[in-house]
Structure formats: C-alpha cells, structure tokens
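Computed from the coordinates by the stated procedures, all read-outs in this text should not be read as laboratory data. Predicted, not measured: the structure shown is a model, and the values here were computed from it. For neighbour counting, all protein chains shown are included, and Cβ atoms are generated from backbone atoms with ideal geometry for every residue, glycine included.
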Amino acid sequence: MILELIGIVCVLLLLMSIRIIPPTDRGLIERFGKYTRFAEPGLNLVIPLVEGMRRINITEQMIDAEPQEVITKDNLNAQVDAQIYFKVLSDEDSVKKSQYNVYNYEEQIVALARTTLRNIIGQMNFVEVNSQRDTLNNELAKGLRGQIQAWGIEIVRSELKEIQPPQDVQETMNKVLKAQNEKTAAIDYATATETQADGKRRALIKEAEGYKQSSILKAEGEAKAIQLVNMAAREYFKDEAQVMRKLEVTENALKNNTKIIVPSSSSLVNVIGELGGMPMILPQKADSPKQPYDMQQKKQGKPQE
C-alpha cells in the first residue's frame, strides 16, 4: 500500500515537472528565485516545488500609446494617438534582459512613446505634423530604440493612428482644402478647354492647307492641259486651222447674194477653191474671157444683165 502511494506520488511529480514550450515562446527556469537555465521550444523538465519557469512571448506585438493632447510649435493643441510594434529577441540574453532589466516592459514602452511623441511634435508646426507622418513615425521609432536598447526588445515600427486638430482649425483646414480642390478643378477645366480649342484650330489650319494645296494642284493641272493644247495646236493643227479659217471665210462670202469677180485667167471653180483653201484646177481649154457673174442668177438659170 505504501509502495503504491509512493508510486502515485512519483508519477504526479513527474507529470508536474514536464513543461512544453511552443515555438512562439521562450522560458527562464529559476530555482528558489535564482535563474538557472534557458528553456528552448520543446519538452523541458523542472523540479516540482523547487524550480519555476517564466514564459516569454517572442512574436511581434502591438500596444496603443493611447490618445493624448500635445502642443505643436505653432501653439496648437492637437490630440495624437500612436501604435507601437515590438518584439522580444529570441536569444537567451535578450529574454533575460526583458525580465530582469525592466519591470513590465509594455507599460514602460507606452510611457516612453507618449513622452517621445510630445517632444517630437513640440518641435514641429501642425501642418508639418499632418503632412510628414512618415518622418514623424521614423523619428518616434528611432527615439524608442535608443531608450530600450538595454531591455532586449526590438522596436519594429511605429504608426500615428490619428491626429485631431482643434475644431476651429479643422474647419479652416477643410475650407482651405476645398478652395484648393476647386482651384485645381478650374485649372484642369481651363487646360482641357484650351487643348480642345487648340485641336480645333489645328484641324482648321490643316483643312485650309489641304484646300489650298488641292486648288494649287488643280490650277497647275488646268494650266498644264492648256499648255499641251496650245502646243498641239501650234505643232500639229496649224495648217488645218488655216484651211478651216479659209472655209469659214468662203462660207461667209457665199451668204447674202455675195458677188464674186472671176478674173479672165481663172475659172469660177478655182476662185472658190482658192477662197476655201482647195487646190487649183487647171482649165482644159481657153474660151472667151469671162465677165462678172452673179452666183444667185446662175443658180436660177438667168444671165446677168
């Protein structure tokens, strides 16, 4: 019975001595309040009732610096809130520092963040604070790293959560922003209108140039055609033109009972042919001299009186 009781007690003590550390944690084993060894992830054994173990999370964590009112360089009261991202380094020395060099490092980081934030913003105008958030975040993280270096903690980054100016300043900023947006919109509209007008002007110029060029080409073509016609008339149709002119003269001469004087040495046929540009027909026999002859009377079969 006693042996069974001792066995049960030993099993219970063995179970109580087993400590399982996940990869997200590290452990510090202490014996009677004194640090003895470092516990890595996995199965670790401690002596029950003699040794104890502290677990420390080494993953990245976030704490809120809580909203606070700060005074900027231009004497404006702004409400600022920031978030700090940090983690305990995983090596043994850093884990020991996070437990033995500082008491409740989360509260200490919040206090330091609030103080550092007030100091940084107090050297900047509100416009700079609102427009240079990246610079302010970097300065805050840099200031915290220098102060907690001995704690075995790494400041990953810091972010300004919000910056709230006084109500009257906020209204003024809204009006200024609205005016700037309206100005930008007006400039964009004017630029677009100018671009559209310039495009139309260029199109009209191109159209006028095209019309001008087509007119020039048309005139040059007509002039070239006239030149070719004149050249052809001079070189190829000169004699024919003279013959046509003579025929026109003959046709006009035979109108309105025109009288033709036939010389004694020529025949009527040759005279008419000469007027029309026709070759002369030589007579076969020379008869008595001819008298003036009225063509209209000859046609009617009556001699001239």
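Annotations
- Residue by residue, region 58-64 carries 3J(HN,Hα) couplings of 10, 7, 5, 10, 10, 10, 9 Hz when phi is fed to the Karplus relation 6.51 cos²θ - 1.76 cosθ + 1.60 (θ = phi - 60°); x denotes Gly or Pro.
- For region 2-57, the spread of Cα positions along the three principal axes, ordered from largest to smallest, is 42, 23, 12 Å.
- For N44, residues with placed amide H under 5 Å, excluding near neighbours: R19, I20, I21
- Here the Karplus curve 6.51 cos²θ - 1.76 cosθ + 1.60, taken at θ = phi - 60°, turns the phi angles of region 179-188 into couplings of 5, 5, 5, 5, 5, 4, 5, 5, 5, 5 Hz, with x standing for Gly and Pro.
- Estimated FRET transfer efficiency (Q180, R55; beta-carbon r; R0 51 Å; 0.05): 0.40
- Rounded to the nearest 20 debye, the dipole size of region 61-165 about its Cα centre is 200 debye, using +1 on the Cβ of Lys and Arg and -1 on the Cβ of Asp and Glu.
- Rg to Rh quotient for region 69-158, alpha carbon positions, Kirkwood Rh: 1.05
- When the Cα positions of Q123, N77, L89 are compared along the charge dipole of region 61-165, Q123 comes out farthest toward the positive end, with charges on each C-beta of Lys, Arg, Asp and Glu.
- DSSP-loop chymotrypsin sites (Phe, Trp or Tyr not before Pro) across region 1-69, with at most 16 other Cβ within 10 angstrom: F32
- Those GluC sites (Glu not before Pro) in region 1-110 that DSSP places in a loop and that have at most 12 other beta carbons within 10 Å: E60
- For region 183-236: span of alpha carbons on each principal axis (Å, largest first): 78, 6, 5
- Derived scalar couplings between HN and Hα for region 22-29 equal x, x, 7, 10, 10, x, 10, 9 Hz in order, rounded to whole Hz, by the Karplus curve 6.51 cos²θ - 1.76 cosθ + 1.60 (θ = phi - 60°), x for Gly and Pro.
- FRET E, pair Q108, V9, Förster distance 30 Å, beta-carbon r, rounded to 0.05: 0.10
- Mean-position separation - Cα centroids, region 127-169 and region 34-112, in angstrom: 18 Å
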